[in-house]
Amino acid sequence: MSDPVIQMSGIGRDYAGAESNASGVETTVRALRDIDLEVLRGEALAVLGPSGSGKSTLLNLLGLLDTPTRGSYRLDGREVSTLDLKELARARNQKIGFVFQRFHLVPRLDAIENVALPLRFAGIRRRERRRRAAELLEKLGLSDRATHRPAELSGGQQQRVAIARAMVCQPSLLLADEPTGALDQSTGSAILDLLTELHAEGMTLIVVTHDEALGARLPRRIRMLDGAVLTDEIVGS
């Protein structure tokens with residue numbers, strides 16, 4: 001049986017809300033409520049739910065972009081709350097790949113430089129950075145676009161560059177936040193095909209989306225509402 005990449009127990013996240021007009025007392029918004037979640041290495045799952053359901057908050061916690069108010073989160077067996085700022089940054093760089101709806105490529109860098117950027121932060125030498133980035137661009141069918149900047153690429157090409165960048169450090173976990181949201185249906189379907197191919201090669205994949213059709217492509221589906229997990233099902237189980 002595969003070992004867990006993610007182990008969450010009793011996770012909650014609270015935020016300070018607006019002051020009450022009646023009492024002047026600051027309210028508390030419970031964005032996440034007692035989340036228990038285990039994801040095994042090599043799993044692929046969709047986190048579904050309407051706007052405000054807690055999907056984005058959960059994604060931020062999974063990606064170490066935010067910290068829980070309470071509960072335990074273990075990533076690759078390590079309790080996240082014990083990590084200092086440098087260790088958190090190293091874990092984000094080496095263990096987690098991010099794919100965003102709006103790509104977030106650096107406009108002044110060409111494709112190969114964008115893909116190689118996480119390796120630069122990891123201290124890898126320039127020649128090795130470019131070699132690894134070029135290999136990934138070739139794998140994703142973009143070797144002929146390696147020297148093109150984002151403005152010279154289509155939306156689908158930009159998202160493939162973003163996926164290559166997310167993979168370049170060989171992370172334990174790939175997090176995709178509405179990865180097809182800025183693309184037309186045909187291009188979005190091709191990007192999802194690519195993500196499912198990466199999963200078939202062993203990548204652990206979590207896709208956060210409100211798109212039911214996208215969620216239906218993945219074998220495990222978690223539905224959230226009001227900051228809590230409503231259902232967690234594996235299709236065919």
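Here, each number is a calculation from the coordinates, and none is a lab measurement. Here the structure is a predicted model, which is why all the values come from computation and not from measurement. With ideal geometry, Cβ positions are generated from the backbone for all residues, glycine too; neighbour counts draw on all protein chains shown.
Rg/Rh for segment 164-237 (Cα atoms only, Rh after Kirkwood) is 0.97.
Charging the Cβ of each Asp and Glu at -1 and of each Lys and Arg at +1, and nothing else, the dipole of segment 138-213 about its Cα centre rounds to 340 debye. In the chain, the calculated helix contribution to ellipticity at 222 nm averages -10000 deg cm²/dmol per residue, counting -39,500 (n - 2.57) for every DSSP H run with n ≥ 4.
For segment 49-123, trypsin sites (Lys or Arg not before Pro) meeting the loop criterion (DSSP other than H, G, I, E, B) and having at most 13 other Cβ atoms within 10 Å: R102, R108. Scaled against 2.2 N^0.38 Å for its residue count N, the alpha carbon radius of gyration of segment 59-131 is 1.29. Pick from E113, E43, E128: which is most flexible by mean-square fluctuation in a GNM of the chain where alpha carbon atoms under 10 Å apart are linked? Per the Cα network of the chain with a 10 Å cutoff, E128 tops the list.
Where does the Debye-calculated log10 I(q)/I(0) of the chain sit at q = 0.14 Å⁻¹, using only Cα point scatterers of equal weight, no solvent? Rounded to two decimals, the profile gives -0.93.
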